[in-house]
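Peer 1: Before anything else, here's the structure in question.
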Amino acid sequence: MAVVARTPADYCQQLTTLLPPGPAWDKEFQPQLHALLQALAPELARLDARALQLLDESFLDTFHELLADWERVLGLPDECVGPGATVAERKAMVRSRLVELGGQTPAFYVQLAVRAGYPNARVQEFRAPRFGRSRFGRDCFGSWAAQYMWVLHAGGRLAGGLRFGVGVWGERFGSTPGNALVCLIRRAAPAHTLEFVNFD
């Protein structure tokens, strides 16, 4: 059942009903009092409507006015991705920050890369050499520490970024759009692992 805001007429009727009983409060004997109640009714209706809007602002599907407050509480804009350009992008960042569960599987890191704009991302895991569990020509070996190493192959870097001969004086040199992906992966990676991001 949807909650509907009361109209000024509803509030005027309610205020009139709350008056004490008796002929002394009739409209014909107290026209100034009834005029005052009619003047108060629109403000009460306005407050009722704003209270319903506040309820809408507390849900992810309907918030708009409290976007800055949502961002402040959730620590946005994200230091990795930077501020969103449009209101729709900022709302999407709020929603993803609230509902994102996290994870430690390769699929989770591939999903992070896909959302960052790298649709061909894949994860390569390394294993420590163990007798009887490896196949010739298939497994990559390394030291015992290799079991804690993994590589996210992101594909090509996104277009953009500064390089020699393209930027102008004063702009930060060497920043690329891939830095956001590296920041996201490093922040989400388990503390005991050593992760690498490889761009073709």
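Peer 1: In this structure, is residue 68 at pLDDT 90 or above, within 30 Å of residue 181 (Cβ to Cβ) and either within 29 Å of the chain's Cα centre (by Cα) or aliphatic (A, V, I, L, M) (or both)? Walk me through it before giving the result.
Peer 2: Details: at pLDDT 90 or above: yes; within 30 Å of residue 181 (Cβ to Cβ): yes; either within 29 Å of the chain's Cα centre (by Cα) or aliphatic (A, V, I, L, M) (or both): yes.
Answer is yes for this residue.
Peer 1: Looking at 54, 18, which is the one that is within 30 Å of residue 66 (Cα to Cα) and out of contact with any Leu (no Cβ under 8 Å at 6 or more places or on another chain)? It would help to see each step written out before you state the result.
Peer 2: Details: 18 fails: within 30 Å of residue 66 (Cα to Cα).
The match here is 54.
Peer 1: Let me ask something else. Mind checking which residues of segment 100-125 are touching a residue at least 24 places away in the same chain (Cβ under 8 Å) and among the hydrophobic types (A, V, I, L, M, F, W, C)?
Peer 2: The answer is 108, 110, 112, 113, 116, 121, 123.
Peer 1: Let me ask something additional. Given the criteria assigned to a helix (DSSP H, G or I) and either out of contact with any His (no Cβ under 8 Å at 6 or more places or on another chain) or at positive phi (or both), does residue 65 qualify? Give the derivation first.
Peer 2: Numbers: assigned to a helix (DSSP H, G or I): no; either out of contact with any His (no Cβ under 8 Å at 6 or more places or on another chain) or at positive phi (or both): yes.
Criteria not met by residue 65.
Peer 1: State all residues of segment 9-33 that are assigned to a loop (DSSP other than H, G, I, E, B), surrounded by 14 or more Cβ atoms within 10 Å (Cβ to Cβ) and aliphatic (A, V, I, L, M); if no residue qualifies, say none. If you could, list the steps in order and put the result at the bottom.
Peer 2: So the first thing to find is which residues in segment 9-33 are assigned to a loop (DSSP other than H, G, I, E, B), and the list is 18-22, 26-30.
Subsequent filtering for residues that are surrounded by 14 or more Cβ atoms within 10 Å (Cβ to Cβ) retains 19, 30.
19 - this is the single residue of segment 9-33 that is assigned to a loop (DSSP other than H, G, I, E, B), surrounded by 14 or more Cβ atoms within 10 Å (Cβ to Cβ) and aliphatic (A, V, I, L, M).
The values are calculated or read from the model by the stated rules, or taken from the named source; none is laboratory data. Fair warning: this is a prediction, and the values are worked out from it, not measured in the lab. Ideal geometry is used to build each Cβ from the backbone, glycine not excepted, and the neighbour counts take in all protein chains shown.
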